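To start, the structure under review is shown below, and the notes come after it.
The values are calculated or read from the model by the stated rules, or taken from the named source; none is laboratory data. Here the structure is a predicted model, which means the values were calculated and not measured. A quick note on method: Cβ atoms are made from the backbone with ideal geometry, for glycine too, and the neighbour counts reach across all protein chains shown. When the accessible area is computed, the model is the full protein with side chains, heavy atoms only, and any ligands, DNA or RNA have been set aside. Shrake-Rupley method; radii C 1.70, N 1.55, O 1.52, S 1.80 Å.
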Amino acid sequence: MSSLFQIAVFDGDGIGPEITLPTLRLLERVTQGRRYSLVFETLPAGAQCYADTGAALPAASVEKARAADAILLSAMGLPHIRYPDGTEITPQIDIRMLLDLYAGVRPVRVVRGQPSPLKIADTTALDFVLIRESTEGLFHTLGKGEVTQDYARETLQITRPVSEKLFNFAFRLANQRKTAGIGPGKVTCVDKANVFRAFAFFRKIFDEVAQDYPNIEADHTYVDATALWMVEQPQRFDVMVTENMFGDILSDLGAGLMGGLGLAPSADIGDNHAVFQPCHGTAPDIAGQGLANPMAMILSGAMMLDWLGQEHGRPEMIEDAARMQAAVDAVIAEGNVLTRDLGGTAGTLEVAAAIEAAL
Ligand code: ATP
């Protein structure tokens with residue numbers, strides 16, 4: 001069994017390189033002296049790459065990413081660099097389609113000291129995961145929508161093969177969390193089955209897949225009520241699974257519950273590849289100033305270690321992922337070394353150093 005894991009790194013645009021550097025350093029630190037190692041290769045892609053070379057996601061970068069064991073991506077896109085049709089450069093979305101990364105995993109955790117707007121007494125009880133389908137749904141016609149003088153049309157697509165894989169992923173994750181003592185073992189299908197036939201179809205497939213997981217509770221909610229409950233009763237959720245656009249919106253709500261984008265990590269997982277990246281964008285307003293919060297990127301790196309550990313049956317990597325997460329939690333709980341978005345005055349590297357010390 002190989003103990004060398006190749007990691008393709010996209011350090012991206014804006015604050016991307018600033019948060020990538022300390023994350024790679026921490027990953028190197030946490031894996032020191034262990035029986036496995038990570039080999040990083042930084043690849044070009046993004047808005048600046050498009051401006052410089054005419055390619056936002058060069059074919060050579062995609063091939064190297066495809067060959068890697070995992071992909072770590074910071075953020076891509078810059079408001080002043082756009083395609084000729086005026087749309088933004090979003091290779092981070094293109095790569096989800098290219099590599100069939102159907103499961104967008106968006107954890108929502110609130111730990112002690114985290115500036116959540118929620119008024120719940122015991123915020124440590126808040127730990128759920130939103131899974132957003134990431135290759136179809138209302139993003140099916142992404143970049144191909146029809147627009148005439150009189151109408152515009154985008155098409156929502158739900159397919160059985162992708163939905164079955166998505167729901168199996170959700171139930172397996174709920175099972176994994178239940179075994180690890182994190183959640184009660186429950187999956188909630190979030191849809192609009194009362195209004196749209198496509199969502200009734202989505203729900204029907206969910207119910208069929210649920211039959212294979214008798215030890216996991218299967219629940220349903222409508223997306224509008226879900227937005228309300230995520231604020232009023234977030235503890236009712238363990239694993240939520242939903243369509244692409246609903247997931248896009250609800251995951252930002254989730255980041256809001258966590259106290260901001262600077263704390264929200266994510267993963268986009270398929271059958272053969274996985275990309276780990278923070279939920280936030282390139283933050284051009286603070287880029288180049290050393291002010292960005294590196295926590296979401298560091299937590300994404302921890303999710304990558306956890307996923308590699310689960311995929312390759314290496315408990316050591318799962319432990320290291322937990323150590324990284326605990327170190328971030330400790331710095332938040334301490335509250336002395338935080339970036340401006342969390343009410344502090346520290347810079348990116350100071351926060352990274354505090355996390356390294358907590359390790
Ligand atoms: P995108 O469309 O790519 O998500 P966006 O402009 O909508 O980009 P962000 O780039 O995430 O969103 O920026 C939104 C706000 O959050 C900005 O004010 C930015 O400075 C802030 N922000 C985002 N990420 C961080 C971070 N890691 N640390 C501190 N502030 C951040």
Just one of Pro84, Pro115, Pro107 is closer than 30 Å to Asn293 by Cα and part of a loop (DSSP other than H, G, I, E, B); which is it?
Pro115
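Looking at region 228-238, is at least one residue within 16 Å of the ligand (Cβ to nearest atom) and within 18 Å of Gly104 (Cα to Cα)? Step through it out loud before you land on a result.
First, pick out the residues of region 228-238 that are within 16 Å of the ligand (Cβ to nearest atom): none.
No, region 228-238 has no match at all.
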Residue among Val39, Val108 that alone is loosely packed, with under 15 Cβ neighbours inside 10 Å and not polar (S, T, N, Q)
Val39
Sole exception among (1) out of contact with any Phe, Trp or Tyr (no Cβ under 6 Å at 6 or more places or on another chain); (2) part of a helix (DSSP H, G or I) for Val195, by number
(2)
Inspect all residues belonging to region 161-174 and state whether any of them is modelled with pLDDT of 95 or more, open to solvent by less than 30 Å² (accessible area, probe 1.4 Å) and under 17 Å from Ile249 (Cβ atoms).
no
When the residues of region 26-41 are filtered to those that are in contact with a helix residue (DSSP H, G or I) (Cβ under 8 Å, 6 or more places away or on another chain) and without any contact (Cβ under 8 Å) to a residue 40 or more places away in the chain, which remaining residue is farthest from Ser74 (Cα to Cα)?
Leu38
Restricting to region 141-160, name every residue that is at pLDDT below 95 and open to solvent by less than 70 Å² (accessible area, probe 1.4 Å).
Thr141, Gly145
